[in-house]
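Comments concern the structure below.
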Amino acid sequence: MSLEELMSYNWSIMTPEFIIVGVAALITLMDLFMPKNQDRRILGWISIAAILAAMVSLAGLVDMQTTSILDDTFRLDGFGKAFKFLLLGGAGLVMFLAISYEKKDSLDEYHGEFYYLFLTGLLGAMFMTSSGDLITLFIGLETLSISSYILAGMKKRNLQSNESAMKYVINGGISTAITLFGMSYVYGLTGTTNLIEIAGRLQSLADPQHAYLLGLAFLMIFVGLAFKLAAAPFHMWAPDVYQGAPTPVTAFLSVVSKTAGFVIVIRILLSVFGLAVTEGPGSIPILYNMQDYIAFIAGATMIIGNVIALRQSNIKRMFAYSSIAHAGYILVALTTMSANLFYSIWFYLFAYLFMNLGAFAVIQLVESKTGSSKIADYAGLYRRSPLLAVVMGVLLVSLAGFPGTAGFIGKLNIFIGAFLGEPHYVLASIMIATTVVSYFYYFGIMTQMFFRPAADDSKFAKIPFGILVVLIIGAGGAVLFGLAPNLANEFINGNFNQFMDFLQ
């Protein structure tokens, strides 16, 4: 590639990524040369500034039409813009949690590596949203995954953290191998890794054997990515990792990493398998033939996540199973392939960002106060900190999906989508039943907070600034977008129209 051709590309569409990678390199060097006894929180503030700058630059690109560079390996379309806002917003809130993390469980002990590993993982997730090629999608996925493995084991002298990180690495490696094997079948059938070219070549498969191989590729890719989503029955790593990792890392995995997982699922499944059909009258895309498999995973994920969450005594493990259940709800939207598919998934992840990160802010604060993450430690929280208990109550009600909250609107969108086109009565019924089951463990925490006596009557000291920011934004977003969901509609619908242009 000549220098002239290289300079002809519209590199401005990668401005958010350039900001993140540049600051990640900068704080790596700063950490290397800073004195060992100097507080590394300054690196966190620089990271927050970088994330805000990336969001501002992305906002400046919103009106730009779909643009691609580097032979369509990097595409800035409406889909990428919408999900990058989610990733950057979630990452910014997690970073506020990180700078407020107590030293006794010591992210500071390991200097500044948390911050640049975090930005590296975020960079991988952002590349996934704009990848137009299987290779760049895989590179983005592994950039995120490898960073996550290290972050999960940040507490090097904690045996529980070591165990969880090892399980995460082993399960992640297996899922990566399965996903890559499925991708290799797609490449073998089409001779290209470019998503647009793959979609074009698969629109008519003359050989039924090719359709069989493509179905096998679908199953391997979907199973491999189901590990990343912590969808049942591939969820076994999530509870241990959520419990063993530092709370900011757990928050990162539950929101940013899960969002990135659904990004790659949508990118690959819809662009590759959503248009692939076999020749013959009445033929339909292969993805529609695979709906039953996705439906089974969605149903099992909702049931297993919610039922096992009932038996948890550790709140981080409970939120791990809750996260598994929420992945099942989103898979319902993917199964139905309804007209509001993109909006339903995006809005649910948007609402989940506020609800979950706000809840993890409370979990981090209570954990730092009590030194434990047991649900019993929330007994009498209302007497010790009324504001904290009320905010946690609002977030739990939203997670449960009560009317007037963003969680309710998210579930309502998915539920309505289950009846658009071909109705999915069984999935809709499972969704309602498991949502009712979730009330028991969410309200169990509220019972502890408001109706149980506190073992320790000491009041909570001043709430750290970073946690206060996350609490305000989390609770505010959960209520605001529950009462006025249309605030997000126009932006999202306009941007996803661009992604539909890409699929056509």
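Summary of computed values
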| item | result |
| --- | --- |
| Segment SER458-TYR439, extension gain: residue separation times 0.36 nm, minus the distance between their alpha carbons | 3.9 nm |
| Rh by Kirkwood over Cα pairs, then Stokes-Einstein D for the stretch 213-327 at 0.890 mPa s and 25 °C, µm²/s | 162 |
| Cα-only Debye scattering, the chain: base-10 log of I(q)/I(0) at q = 0.06, 0.10, 0.11, 0.13 Å⁻¹ | -0.26, -0.74, -0.90, -1.28 |
| Globularity ratio of the stretch 132-252, using Cα Rg and 2.2 N^0.38 Å | 1.26 |
| Straight-distance crosslink candidates among lysines, where the alpha carbon sits under 20 Å from LYS258 and sequence neighbours closer than 8 are dropped | LYS81, LYS84, LYS167, LYS228, LYS316, LYS411 |
| Taking the stretch 290-504 and dividing mean pair separation by its residue count, relative contact order in percent (alpha carbons under 8 Å, at least six apart) | 29 |
| Scattering profile of the stretch 24-120 at q = 0.14, 0.15, 0.20 Å⁻¹ [log10 I(q)/I(0), Debye over alpha-carbon scatterers] | -0.61, -0.67, -0.96 |
| Length-normalised contact order of the chain in % [C-alpha pairs under 8 Å, at least 6 apart] | 15 |
| Value of [θ]222 nm, deg cm²/dmol, for the chain, DSSP H segments ≥ 4, -39500 (n - 2.57) each, nearest 500 | -23500 deg cm²/dmol |
| Cross-link partners of LYS462 among lysines (Cα-Cα below 19 Å; sequence separation of 8 or more within a chain) | LYS103, LYS104, LYS369 |
| Long-range HN-HN contacts of PHE74 with modeled amide H, under 5 Å | ILE69, GLY132 |
| Debye, to nearest 20: dipole size of the chain, +1 on Lys, Arg Cβ, -1 on Asp, Glu Cβ | 1920 |
| 5 Å binning of all Cα-Cα separations within the stretch 290-504, expressed as whole percents from 0 upward | 1, 7, 15, 18, 18, 15, 11, 7, 5, 2, 1, 0, 0 |
| Per-residue ³J(HN,Hα) for the stretch 38-52, Karplus 6.51 cos²θ - 1.76 cosθ + 1.60, θ = phi - 60°, Hz, x for Gly and Pro | 7, 5, 7, 4, 4, 5, x, 5, 5, 5, 4, 4, 5, 5, 5 |
| Centre separation in Å (Cα based) which lies between the stretch 1-44 and the stretch 199-266 | 29 |
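No value in this document is a laboratory result; all are computed from the given coordinates. The shown structure was predicted, so the numbers you read here are calculated from the model rather than taken from an experiment. Counting neighbours? That spans all protein chains shown, and the Cβs are built from the backbone with ideal geometry, glycine included.
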